[in-house]
Amino acid sequence: MSQIIQDPAFIAGIQYREKGEFPGAIAAFEAAIARFPEEAEGPFQLGLTYQQRGERILPPSMRERGGKNGIGDLAASVLGLGVVAASKAIGQTDWILQYREAFRESVTALRAAVQRDPNDPRFHHALALSLRYLGQTEAAAEAANQAALLQPGDTQYQERAAAFEAAATREAERDGGPTGHGKLTWNDVILPQRTKRELKQMQLLLENPSLSRDLGIEPPTGLLLYGPPGTGKTTIARVLAHEAHCHFIATSPAEINSMWLGESEKAVKRIFDEARAKSPAIIFLDEIDALLPSRSGGVNQYSDKVVNQFLHEMDGLVKNKRIFVVGATNRRDMLDAALLRGGRLSREIEIPLPDLESRRALFGLSTAGAKLAEDVDLDELATRTEGYSGANIKAIVNEAGLQALIRLSEAHPETRRILTKEDFDEALTNFTPPADDEAPNPWKMFA
């Protein structure tokens, strides 16, 4: 019989949670875990508490739905996505950060429970739900299937496993197959020819490592994409994965960093273990400057351990395993120097702001699905947006669409539904362009 369930702190945690007093419940369960560190029930109940806390934060339309039709599609539902988009549009995104933090902590605690007792189906069942809320559908389906295998007679476990497996299949089909990074190609990326040529070189090294060995080339294990924000570094990494036929595994500081001692390092190890299992694979590290900053010791000892774990994993990559690490940053100067030496992120490619010709092409790409009036001159728009990134240009087109929506709502029903020069003029007026007198971007030092 488990001893922790008789612990006063554990009992208090249950009572606090039943009343919806989550901070008190979390503190109580953490105290109980400290007294019984080997027992799995403590982390399990803590994970459930974070899970329920996260569900309270979510808008009702995005919560897990059960009933006779089984499990719903959670945040993947159209209404749910609309809630997120609307929240971002009006700047009310605090709840998004809060719920993601709650479910990340839930996953950490539930994984600790699974590690202590991998044969308890409750742990896998709960872990699947928290992973699904974080959008990690494939991992959620694996956890749900494990619960169903451990207890095949439980209808609820079987329903969740079937629903999450179906959701994972739909996402894979939507994203273009098992690699999960869509059908993007180099034709979908607008870059200077020299930059695109360098990226295609990386693709060839990934596709045919034996050729590089025959030519005496030491294939790099990593690539750093650096440049100002909004220039498409994430999209480039996805295209590289698609063109090189690699699985795409993306992560960020928010997915790695944890308040639990040692859990961040374990998260790093899990990512590389997944990549080895799915080889050939690309591990994409967004905002790598925040994840792997220069080590300085002292109060930064915690982040130093994460950097050390990453360096250890990268040094352990077997050359013929075809595991490639791609980092993206707009603060190259903040990266740990050891990360950039040979054998790690040894290749660096700058992703610059688009020039005039590229801006014209970006406007054409962004307006491809829109109907434009005869007075809309994309060449003029490209000239007026010097210093703008691809993300800025896309935002201007979206803003023009919103201006047209307002205009059409006040116009005659027979008015043509098109974007006009006036819409773009208004969009450019409302959009805040990059200021010349802002602090210089550190990436420019490496141009």
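Any read-out appearing in this document is the output of simple, stated calculations on the displayed coordinates, not a laboratory observation. Worth saying up front: this structure is predicted, and the values here are computed from it rather than measured. When we count neighbours, we look across all protein chains shown, and the Cβ atoms used for this are built from the backbone with ideal geometry, even at glycine.
For the residue pairs LYS233/LYS305; LYS196/LYS278; LYS19/LYS269, the alpha carbons lie more than 30 Å apart in LYS19/LYS269. Listed by Cβ neighbour count within 10 Å, with the fewest neighbours leading, LYS305, LYS19 appear as LYS19, LYS305.
Across the stretch 356-430, the mean sequence separation of Cα contacts (distance under 8 Å, 6 or more residues apart), normalised by length, yields a relative contact order of 40 percent. Rounded to the nearest Hz, the phi-derived 3J(HN,Hα) couplings of the stretch 358-368 under the Karplus curve 6.51 cos²θ - 1.76 cosθ + 1.60 (θ = phi - 60°) are 5, 5, 4, 5, 5, 4, x, 5, 6, 9, 4, where x marks glycine and proline.
Taking amide H as placed 1.01 Å from N in the peptide plane, PHE284 has its amide H under 5 Å from the amide H of ILE249, ALA250, THR251, VAL326, each at least 5 places away in sequence or on another chain. Count Lys and Arg as plus one, Asp and Glu as minus one, and take only other residues whose Cβ is under 14 Å from that of LEU405; the net charge is then -1. Placing R0 at 51 angstrom, the Cβ-Cβ distance between LYS200 and ALA162 gives a FRET efficiency of 0.75 after rounding to 0.05. Reducing the stretch 356-403 and the stretch 196-228 to their Cα centroids gives an inter-centroid distance of 33 Å.
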